Amino acid sequence: MTVDDAVARALTRRNAPLSVAVGGHGRTGRSTLAAAIRARFRLPTVVADDEGPPPDVDLTIRVIGAQPRRCDVAAVASGGAMIVVAGKADLRGDPRALADIAAQTLGVPVLPVSGLLASVTVVPGDMALLRSDPVDPDVLRRFGVEGVARARELGVVPAEVLTARLREVSGIDAVAAAIRSMSTDIAAGRDRRMRAELRLAAARAVDRELVESALAGVAS
Ligand SMILES: Nc1nc2c(ncn2[C@@H]2O[C@H](COP(=O)(O)OP(=O)(O)O)[C@@H](O)[C@H]2O)c(=O)[nH]1
Ligand SMILES: [Mg+2]
(Lines give C-alpha, C1' and ligand atoms only; values in the text may rest on other atoms or scores of the structure.)
(Ligands and ions follow the chains in the order given, each with its own letter.)
Protein backbone atom coordinates (compact mmCIF):
# COMPACT_ATOMS: atom_id res chain seq x y z
CA MET A 1 0.00 0.00 0.00
CA THR A 2 1.36 3.44 -0.93
CA VAL A 3 1.26 6.43 1.39
CA ASP A 4 -1.45 7.98 -0.81
CA ASP A 5 -3.53 4.81 -0.40
CA ALA A 6 -3.06 4.88 3.36
CA VAL A 7 -4.07 8.55 3.55
CA ALA A 8 -7.10 7.94 1.31
CA ARG A 9 -8.17 5.00 3.44
CA ALA A 10 -7.77 6.92 6.71
CA LEU A 11 -9.88 9.79 5.31
CA THR A 12 -12.56 7.43 3.99
CA ARG A 13 -12.91 5.76 7.38
CA ARG A 14 -13.00 9.13 9.09
CA ASN A 15 -15.81 10.42 6.84
CA ALA A 16 -17.89 7.25 6.46
CA PRO A 17 -21.48 7.37 7.75
CA LEU A 18 -21.96 6.09 11.28
CA SER A 19 -22.29 2.31 11.17
CA VAL A 20 -24.68 0.48 13.43
CA ALA A 21 -25.16 -3.14 14.51
CA VAL A 22 -28.44 -4.32 16.00
CA GLY A 23 -27.66 -7.10 18.46
CA GLY A 24 -29.65 -9.25 20.83
CA HIS A 25 -31.19 -12.61 21.46
CA GLY A 26 -33.01 -14.26 18.52
CA ARG A 27 -36.61 -13.21 17.82
CA THR A 28 -36.35 -10.01 19.85
CA GLY A 29 -37.07 -8.04 16.67
CA ARG A 30 -33.52 -7.19 15.57
CA SER A 31 -34.16 -7.46 11.80
CA THR A 32 -37.29 -5.34 12.06
CA LEU A 33 -35.51 -2.66 14.10
CA ALA A 34 -32.55 -2.71 11.70
CA ALA A 35 -34.96 -2.12 8.82
CA ALA A 36 -36.47 0.81 10.73
CA ILE A 37 -33.05 2.36 11.36
CA ARG A 38 -32.10 2.02 7.69
CA ALA A 39 -35.41 3.43 6.48
CA ARG A 40 -35.81 6.26 9.00
CA PHE A 41 -32.20 7.32 9.68
CA ARG A 42 -30.47 6.14 6.48
CA LEU A 43 -27.66 4.53 8.47
CA PRO A 44 -25.87 1.37 7.32
CA THR A 45 -27.09 -1.27 9.77
CA VAL A 46 -26.23 -4.94 10.25
CA VAL A 47 -27.87 -7.55 12.46
CA ALA A 48 -25.61 -9.40 14.89
CA ASP A 49 -26.03 -12.15 17.45
CA ASP A 50 -23.94 -13.25 20.40
CA GLU A 51 -22.20 -16.00 18.42
CA GLY A 52 -19.17 -14.89 16.46
CA PRO A 53 -16.96 -11.84 16.89
CA PRO A 54 -18.53 -8.43 17.54
CA PRO A 55 -19.07 -6.60 14.25
CA ASP A 56 -16.75 -3.73 13.33
CA VAL A 57 -19.21 -0.87 13.82
CA ASP A 58 -19.34 2.46 15.60
CA LEU A 59 -22.32 1.64 17.74
CA THR A 60 -24.42 -1.34 18.85
CA ILE A 61 -28.13 -1.18 19.54
CA ARG A 62 -28.99 -4.05 21.87
CA VAL A 63 -32.59 -5.24 21.66
CA ILE A 64 -33.98 -7.00 24.72
CA GLY A 65 -37.29 -8.81 25.19
CA ALA A 66 -39.87 -8.14 27.91
CA GLN A 67 -37.18 -8.78 30.55
CA PRO A 68 -33.40 -8.63 30.26
CA ARG A 69 -31.65 -12.00 30.04
CA ARG A 70 -28.25 -13.03 31.25
CA CYS A 71 -26.84 -12.52 27.71
CA ASP A 72 -28.11 -8.93 27.78
CA VAL A 73 -26.39 -8.28 31.11
CA ALA A 74 -23.16 -9.72 29.66
CA ALA A 75 -23.45 -7.65 26.46
CA VAL A 76 -23.95 -4.42 28.39
CA ALA A 77 -21.01 -5.28 30.67
CA SER A 78 -18.74 -5.98 27.69
CA GLY A 79 -18.46 -2.22 27.03
CA GLY A 80 -18.37 -0.38 23.72
CA ALA A 81 -20.80 2.25 22.51
CA MET A 82 -24.26 0.81 23.14
CA ILE A 83 -27.90 1.85 23.24
CA VAL A 84 -30.35 -0.59 24.84
CA VAL A 85 -33.84 -0.90 23.43
CA ALA A 86 -36.81 -2.82 24.89
CA GLY A 87 -38.24 -4.15 21.64
CA LYS A 88 -41.79 -4.85 20.47
CA ALA A 89 -43.12 -2.03 22.65
CA ASP A 90 -46.46 -2.19 20.81
CA LEU A 91 -47.08 -5.61 22.39
CA ARG A 92 -46.53 -4.48 26.01
CA GLY A 93 -49.26 -3.16 28.29
CA ASP A 94 -46.93 -0.59 29.86
CA PRO A 95 -43.74 -0.53 27.79
CA ARG A 96 -42.26 2.43 29.70
CA ALA A 97 -42.62 0.69 33.08
CA LEU A 98 -41.04 -2.54 31.73
CA ALA A 99 -38.17 -0.58 30.21
CA ASP A 100 -37.59 1.22 33.51
CA ILE A 101 -37.41 -2.10 35.39
CA ALA A 102 -34.96 -3.43 32.78
CA ALA A 103 -32.88 -0.24 33.14
CA GLN A 104 -32.56 -0.91 36.89
CA THR A 105 -31.36 -4.47 36.23
CA LEU A 106 -28.90 -3.44 33.52
CA GLY A 107 -27.73 -0.18 35.07
CA VAL A 108 -28.11 1.74 31.80
CA PRO A 109 -31.03 3.61 30.19
CA VAL A 110 -33.49 1.43 28.24
CA LEU A 111 -35.70 2.87 25.49
CA PRO A 112 -39.04 1.22 24.69
CA VAL A 113 -39.35 0.96 20.89
CA SER A 114 -41.65 -0.77 18.44
CA GLY A 115 -39.54 -1.67 15.43
CA LEU A 116 -42.72 -2.76 13.69
CA LEU A 117 -44.43 0.64 13.96
CA ALA A 118 -41.17 2.45 13.19
CA SER A 119 -40.48 0.52 10.01
CA VAL A 120 -43.93 0.36 8.45
CA THR A 121 -44.38 2.51 5.36
CA VAL A 122 -48.01 3.16 4.60
CA VAL A 123 -49.14 3.24 0.98
CA PRO A 124 -52.41 4.91 -0.11
CA GLY A 125 -54.19 1.56 -0.64
CA ASP A 126 -53.62 0.69 3.02
CA MET A 127 -56.02 3.34 4.29
CA ALA A 128 -59.11 1.43 3.16
CA LEU A 129 -57.64 -1.95 4.17
CA LEU A 130 -56.97 -0.67 7.69
CA ARG A 131 -60.63 0.25 8.10
CA SER A 132 -62.07 -3.00 6.73
CA ASP A 133 -63.57 -5.52 9.12
CA PRO A 134 -62.14 -8.07 9.69
CA VAL A 135 -58.68 -6.70 8.96
CA ASP A 136 -56.77 -8.64 6.33
CA PRO A 137 -54.16 -10.91 8.05
CA ASP A 138 -51.40 -9.41 5.92
CA VAL A 139 -52.29 -5.89 7.04
CA LEU A 140 -52.44 -7.10 10.64
CA ARG A 141 -48.97 -8.60 10.27
CA ARG A 142 -47.54 -5.36 8.88
CA PHE A 143 -49.14 -2.98 11.38
CA GLY A 144 -49.82 -5.14 14.44
CA VAL A 145 -52.94 -4.76 16.58
CA GLU A 146 -51.63 -1.48 18.00
CA GLY A 147 -50.84 -0.05 14.55
CA VAL A 148 -54.31 -0.90 13.27
CA ALA A 149 -55.89 0.70 16.35
CA ARG A 150 -53.80 3.88 15.92
CA ALA A 151 -54.68 4.06 12.25
CA ARG A 152 -58.38 3.81 13.02
CA GLU A 153 -58.31 6.46 15.73
CA LEU A 154 -56.60 8.84 13.30
CA GLY A 155 -59.36 8.43 10.71
CA VAL A 156 -58.84 9.03 7.01
CA VAL A 157 -55.54 10.88 6.54
CA PRO A 158 -52.90 10.85 3.81
CA ALA A 159 -50.59 7.79 3.97
CA GLU A 160 -47.59 9.94 4.96
CA VAL A 161 -49.48 11.34 7.93
CA LEU A 162 -50.15 7.83 9.24
CA THR A 163 -46.53 6.78 8.61
CA ALA A 164 -45.37 9.80 10.63
CA ARG A 165 -47.87 9.11 13.42
CA LEU A 166 -46.76 5.47 13.73
CA ARG A 167 -43.13 6.56 13.77
CA GLU A 168 -43.92 8.99 16.56
CA VAL A 169 -45.75 6.31 18.59
CA SER A 170 -42.95 3.77 17.97
CA GLY A 171 -40.38 5.52 20.18
CA ILE A 172 -37.69 5.33 17.46
CA ASP A 173 -36.96 9.06 17.67
CA ALA A 174 -35.57 8.57 21.19
CA VAL A 175 -33.04 6.23 19.57
CA ALA A 176 -32.11 9.00 17.11
CA ALA A 177 -31.55 11.35 20.04
CA ALA A 178 -29.36 8.75 21.79
CA ILE A 179 -27.33 8.18 18.60
CA ARG A 180 -26.84 11.94 18.23
CA SER A 181 -25.67 12.28 21.82
CA MET A 182 -23.05 9.54 21.26
CA SER A 183 -21.91 10.76 17.86
CA THR A 184 -19.56 13.41 19.28
CA ASP A 185 -17.58 10.71 21.11
CA ILE A 186 -17.67 8.48 18.05
CA ALA A 187 -16.34 11.29 15.82
CA ALA A 188 -13.58 12.01 18.35
CA GLY A 189 -12.62 8.31 18.31
CA ARG A 190 -12.48 8.36 14.52
CA ASP A 191 -10.27 11.45 14.58
CA ARG A 192 -7.90 9.72 17.00
CA ARG A 193 -7.76 6.66 14.77
CA MET A 194 -7.21 8.73 11.62
CA ARG A 195 -4.33 10.64 13.23
CA ALA A 196 -2.74 7.35 14.35
CA GLU A 197 -3.10 5.89 10.86
CA LEU A 198 -1.62 8.99 9.22
CA ARG A 199 1.30 8.99 11.65
CA LEU A 200 1.91 5.33 10.83
CA ALA A 201 1.78 6.06 7.08
CA ALA A 202 4.22 8.95 7.52
CA ALA A 203 6.55 6.76 9.57
CA ARG A 204 6.48 4.11 6.85
CA ALA A 205 7.18 6.74 4.18
CA VAL A 206 10.25 7.94 6.10
CA ASP A 207 11.41 4.35 6.45
CA ARG A 208 10.99 3.79 2.74
CA GLU A 209 13.04 6.89 1.89
CA LEU A 210 15.77 5.64 4.20
CA VAL A 211 15.63 2.22 2.63
CA GLU A 212 15.66 3.72 -0.88
CA SER A 213 18.63 6.02 -0.23
CA ALA A 214 20.45 3.17 1.47
CA LEU A 215 19.78 1.01 -1.59
CA ALA A 216 20.89 3.85 -3.90
CA GLY A 217 24.14 4.11 -1.91
CA VAL A 218 24.77 0.41 -2.38
CA ALA A 219 24.05 0.59 -6.11
CA SER A 220 26.39 3.55 -6.88
N1 LIG B 1 -45.67 -6.65 17.27
C2 LIG B 1 -44.39 -6.59 16.92
N3 LIG B 1 -43.82 -7.63 16.31
C4 LIG B 1 -42.52 -7.51 15.97
C5 LIG B 1 -41.77 -6.35 16.23
N6 LIG B 1 -40.50 -6.55 15.78
C7 LIG B 1 -40.49 -7.77 15.25
N8 LIG B 1 -41.69 -8.37 15.36
C9 LIG B 1 -42.06 -9.72 14.90
O10 LIG B 1 -41.28 -10.67 15.62
C11 LIG B 1 -40.81 -11.69 14.76
C12 LIG B 1 -39.28 -11.71 14.76
O13 LIG B 1 -38.85 -10.49 14.25
P14 LIG B 1 -37.36 -10.27 13.68
O15 LIG B 1 -37.21 -8.81 13.45
O16 LIG B 1 -37.06 -11.17 12.54
O17 LIG B 1 -36.49 -10.73 14.95
P18 LIG B 1 -34.96 -11.21 15.00
O19 LIG B 1 -34.97 -12.70 15.00
O20 LIG B 1 -34.44 -10.68 16.29
O21 LIG B 1 -34.26 -10.62 13.81
C22 LIG B 1 -41.40 -11.40 13.39
O23 LIG B 1 -42.60 -12.12 13.27
C24 LIG B 1 -41.69 -9.91 13.44
O25 LIG B 1 -42.74 -9.52 12.62
C26 LIG B 1 -42.42 -5.25 16.89
O27 LIG B 1 -41.85 -4.18 17.16
N28 LIG B 1 -43.72 -5.44 17.21
MG1 LIG C 1 -34.26 -11.69 11.92
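Quick look at the values:
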{"read-out": "Among Ala16, Thr184, Ala128 - extreme Cα towards positive end, dipole of the chain, charges at beta-carbon", "value": "Thr184"}
{"read-out": "Overall form of region 17-137 per C-alpha gyration tensor (a/c, 1.5; a/b vs b/c)", "value": "oblate"}
{"read-out": "Computed lengthening from Glu212 to Val157, 0.36 nm per intervening residue step minus Cα-Cα distance", "value": "12.6 nm"}
{"read-out": "For region 121-151 versus region 56-88, the gap between their alpha-carbon centres in whole angstrom", "value": "31 Å"}
{"read-out": "Share of carbon and sulfur in the accessible heavy-atom surface of the chain [1.4 Å probe, %]", "value": "57 percent"}
{"read-out": "Largest-first ellipsoid semi-axes for region 121-161, taking √(5λ) over the Cα gyration tensor eigenvalues, angstrom", "value": "14, 10, 10"}
{"read-out": "Principal-axis tilt of helix 159-170 within the chain, Cα atoms, nearest 10 degrees", "value": "80 degrees"}
{"read-out": "D_trans [Stokes-Einstein, Kirkwood Rh over alpha-carbon pairs] for the chain, 37 °C, 0.692 mPa s, µm² s⁻¹", "value": "164 µm²/s"}
{"read-out": "Hypothetical label at Leu198: residues of region 1-45 whose amide nitrogen lies under 15 Å (7 Å Cα-Cβ projection)", "value": "3-16"}
{"read-out": "Probe 1.4 Å, protein heavy atoms only - accessible area per residue of the chain in square angstrom", "value": "57 Å²"}
{"read-out": "Simple spin-label estimate for Asp50 and Arg141 in nanometres, 7 Å along Cα-Cβ", "value": "2.9 nm"}
{"read-out": "In degrees, nearest ten, helix 95-106 long axis to first principal axis of the chain (Cα)", "value": "40 degrees"}
{"read-out": "Dipole in debye (nearest 20) - the chain, about Cα centre, beta carbon charges: Lys, Arg +1; Asp, Glu -1", "value": "180 debye"}
{"read-out": "Rounded tilt (10° steps) of 30-41 against the dominant C-alpha axis of the chain", "value": "80 degrees"}
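The values are calculated or read from the model by the stated rules, or taken from the named source; none is laboratory data. Just so it is clear, the model here is predicted, and its values are computed rather than measured. Because the Cβ atoms are built from the backbone with ideal geometry, glycine has one as well, and the counts that use them run over all protein chains shown. Accessible surface areas use protein heavy atoms only, side chains included; no ligands, DNA or RNA. Shrake-Rupley method; radii C 1.70, N 1.55, O 1.52, S 1.80 Å.
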